1. Can you give the alpha-carbon Rg of the range 151-231 over 2.2 N^0.38 Å, where N counts its residues?
2. If amide H atoms are built 1.01 Å from N in the plane of the peptide, which residues on other chains or at least 5 residues away come under 5 Å of the amide H of Gly316?
3. Of Gly420, Ala53, Phe134, whose Cα points farthest to the positive end of the dipole of the chain (charges on the beta-carbon: +1 Lys, Arg; -1 Asp, Glu; origin at the Cα centre)?
4. Taking Rh as the Kirkwood radius computed over C-alpha pairs, what is the Stokes-Einstein D of the range 216-307 at 25 °C in a medium of viscosity 0.890 mPa s, expressed in µm² per second?
5. Share of the chain's accessible area from carbon and sulfur, percent, 1.4 Å?
6. Whole percent per 10 Å bin, from 0 to the bin with the longest distance: what is P(r) over all C-alpha pairs of the range 99-144?
7. Step through the residues of the range 128-142 one at a time and calculate ³J(HN,Hα) from phi using the Karplus curve (6.51 cos²θ - 1.76 cosθ + 1.60, θ = phi - 60°), rounding each to whole Hz and writing x for Gly and Pro.
8. Jot down the radius of gyration and Dmax of the range 67-210, Cα atoms only, both in angstrom.
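The values are calculated or read from the model by the stated rules, or taken from the named source; none is laboratory data. Computed from a predicted structure; not experimentally measured. Using ideal geometry, Cβ is built from the backbone for each residue, glycine included, and neighbour counts are taken over all protein chains shown. With ligands, DNA and RNA removed, areas are computed over all heavy atoms of the protein, side chains included. Shrake-Rupley method; radii C 1.70, N 1.55, O 1.52, S 1.80 Å.
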Amino acid sequence: MTSSGTNPGTGSHTGGPSADGARSSGFGSAAWELLLPAAGAPARRRGRALQSALREAVRSGRLAPGTRLPSSRALAADLRVSRGLVTEAYEQLAAEGYLRSGRGAGTWVSESVRAPVPGARDLAPRAAGVRVDFRPGTPDLSLFPRAAWAAAHRSVLGRLPHGALGYPDPRGLPALRDALAALLARRRGVVADPERLVVCSGVAQATTLLGFVLRGRGIRTVGVEDPGSPEHSELFGSAGITAVGLPLDAEGLAVDPLVRSGVRAVLTTPAHQFPTGIAYSAQRRSRLLDWAREVDGLIVEDDYDGDFRYDRAAVGALQGLDPEHVAYTGSVSKSLAPGLRLGWLLAPAAMTEEIIARKRTMDLGNPAVDQAVLADFVVRGGYDRQLRRCQRAYRERRDTLTSALAKHFPGTEVTGIAAGLHAIAALPERYGPEPALLARAAAAGIALRPLSACGTAPAEDGAVRLVLGYAHLAPPEIEAGVRLLADSRGCRVFI
């Protein structure tokens, strides 16, 4: 083992690179100063510290490719460490490819090293310069139950067996599948067999999984609601399936165009359609199920905010009427937080094994600890309490929005059922035209999404129809935002 102490033969320390090749080699004072702290590390860690400092100097570009390093004797003298320690560092970095050396030719920085792009970018969707953001799709993240979640996390980690930290069942932890099956049967009327329930990274992964399985069965087109969420088409597209837009009427997805389209799978949001805000009628739900049975097709049910109904009890899930022709998806993205990336998929029995196999190759399962925490949170009643808390808050915010619109935009009609995290507001023609209103709003720092951005044509009556998200805004922010919109002037658009 080489010594990591000071070199007794180096003499006094001069405070900079010695004349023996350090300055003349291109090994500048900046690089030398980067190595100096390593020499002052505790003796047991000095060798690793020197290697790490040299490695970082090469990576960062402070030691450029082609730079000749001082001899081991010269660098040891400058740093007041043993020559053996420097030699060991040179040999280790040469083995890793950072340095190159040859007998009698000295030691050089390898030309194969490239400095990394500095810093990590944050690509999370955010809008700069927005004072009030009425765009839909975001819950109030300040309602996340941090204390209760942290307590569940500590409790779970304290009793989770070591084996549970291995690769999980790709369907999800049995404890979570049992908890979710009981929850969904009780709250949403779902026929929930834990053996057919797959824990996913949100509805997005559930949709993609279904897309891959459908494509494997030879299906190349899937129907989606029009207007609807553009993400659905993109997710199916990532699985190699083309989305076909199908029109809606006042009761839900129109059946005749569905039949004429020839598709055998269709994605729906029957509890609270996005963006129109309608709930499918009982007759339409029944007719859609008849279609699925007739063509041996599949209805994908996205129940993204089915728990949030404010004027009456929520209508049960479509899947409960025919679990062999409906694949049911949902998540905690609106009830807890989208950043948890936890959701579920209940598929017909005939598709379950294919979905499990695809899930295994996709990611080997979701994080075990997060699943265990959610299971604990559901079983101990924390999830039900969270839903009640969110329902109270979001009901108040929807009421605030409708009152503010009536006050500042008289004649505005708020359509859709009292549910979910968004509402459709049809402003009278006198507040338009739509492009001018959007421009004035954006110039005032108000982010809006018109219904036309979701695939619909502008209203023939000249009304301006907006999809207004309110769940993430406190009541005073909603009131102030609507008032600011009424007073707005300007010309820049956020969509």
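1. Details: Rg = 16.7 Å, N = 81, 2.2 N^0.38 = 11.7 Å.
The range 151-231 yields a ratio of 1.43.
2. Amide H neighbours of Gly316: none.
3. It is Ala53.
4. Details: Rh = 13.2 Å.
Rounded, D is 186 µm²/s.
5. On the way: 11780 of 22720 Å².
Reported share for carbon and sulfur atoms: 52 percent.
6. Result returned by the calculation: 16, 24, 16, 12, 12, 14, 7.
7. 3J(HN,Hα) across the range 128-142, in whole Hz: 7, x, 9, 8, 9, 10, 8, 5, x, x, 10, x, 7, 5, 6.
8. For the range 67-210, the Cα radius of gyration and maximum Cα-Cα distance read 28.3, 80 Å.
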